[in-house]
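Read the structure below first, then the notes.
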Amino acid sequence: MVFTATQSMLGLASGMLVGFSLGLVGGGGSILAVPLMVYVVGVPEPHVAIGTSAIAVAANAAVNLSNHARGGTVIWSCALVFALSGMLGAFGGSILGKMLEGQKLLALFSLVMLVIAGLMLKSRARVGLTDVKISMSNMPAIIGLGLATGTMSGFFGIGGGFLIVPALMLATGMPIMNAVSSSLVAVTAFGMTTALSYAWSGLVSWGLAGLFVAGGIAGGLLGTRSARHLSERRGALNIVFATVIIVVAIYMLLRNIDVS
């Protein structure tokens with residue numbers, strides 16, 4: 001695909017927004033990237049937007065992961081097991097996603113997001129356990145929820161951060177700041193698994209992916225700093241996370257109603 005100068009600038013700006021979201025709440029990358037690619041940049045084929053966004057989000061998540069890792073907030077033992085189990089689900093989910101029309105499932109997914117947002121608001125005052133480690137007691141939940149979120153991530157072509165963050169908190173009891181940081185391990189892994197599947201089918205615009213990654217680096221730095229600032233205020237990051245989920249979920253639901 002050949003892009004005009006205006007489209008290239010819009011791609012960079014959109015990438016900054018995606019990177020900021022990933023750095024701030026560990027999610028929202030592909031959920032933002034796909035509509036931005038289609039409705040702002042002007043990618044005509046939704047499957048190309050999904051495949052391209054998967055690569056861009058995976059790369060931006062990796063950059064943001066390094067930012068969070070330097071701050072010492074990533075709980076690697078839990079994050080790696082969660083990501084590895086989720087990659088199996090993401091691979092299978094991406095195969096199904098290319099075969100099926102997903103408008104009604106996207107509507108259901110948006111409803112799930114609204115439920116998750118409600119749970120996040122309900123638990124906004126919870127401090128969490130800062131010394132969480134993987135153990136025989138929490139490993140089944142980590143593996144099971146990793147597999148489930150990975151499958152949904154692959155099917156919908158999303159990084160899955162909006163699912164991964166609350167799933168990690170549920171499985172381990174870790175605070176949201178650690179969950180946001182640790183979720184980026186899985187977002188990177190899920191995104192690359194989905195991206196490889198779409199790239200194999202020729203459904204990736206590499207030039208646009210590069211623009212999104214370049215913009216995302218700058219946005220990610222700002223998002224990570226904002227996340228650290230908000231995490232110092234009890235419940236503030238939970239509220240921001242839940243609010244973003246609600247806005248995106250309502251948008252997805254309205255888009256689905258539009259095309260039904």
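Put simply, the amide H of Met174, placed in the peptide plane, has neighbours under 5 Å in Leu129, leaving out anything fewer than 5 places away on its chain. Peptides 53-60, 246-253 ordered by packing proxy, namely the average of other Cβ atoms within 10 Å per residue, highest first: 53-60, 246-253.
Ranked by solvent-accessible area (1.4 Å probe, protein heavy atoms only, all chains present), the residues Trp206, Trp200 order from largest to smallest as Trp200, Trp206. With all protein chains in place and a 1.4 Å probe, the accessible surface of the stretch 163-242 carries 66 percent carbon and sulfur.
Peptides 83-89, 69-75 ordered by packing proxy, namely the average of other Cβ atoms within 10 Å per residue, highest first: 83-89, 69-75.
Computed from phi, the 3J(HN,Hα) profile of the stretch 198-211 under the Karplus parametrisation 6.51, -1.76, 1.60 (θ = phi - 60°) reads 6, 4, 4, 8, x, 9, 9, 9, 5, x, 5, 4, x, 5 Hz, with x in place of Gly and Pro.
The values are calculated or read from the model by the stated rules, or taken from the named source; none is laboratory data. None of the values given here were measured: they were computed from a predicted structure. Cβ: placed from backbone, ideal geometry, glycine included. Neighbour counts: every protein chain shown. Heads up: the accessible areas ignore ligands, DNA and RNA and are worked out on the full protein's heavy atoms, side chains in. Shrake-Rupley method; radii C 1.70, N 1.55, O 1.52, S 1.80 Å.
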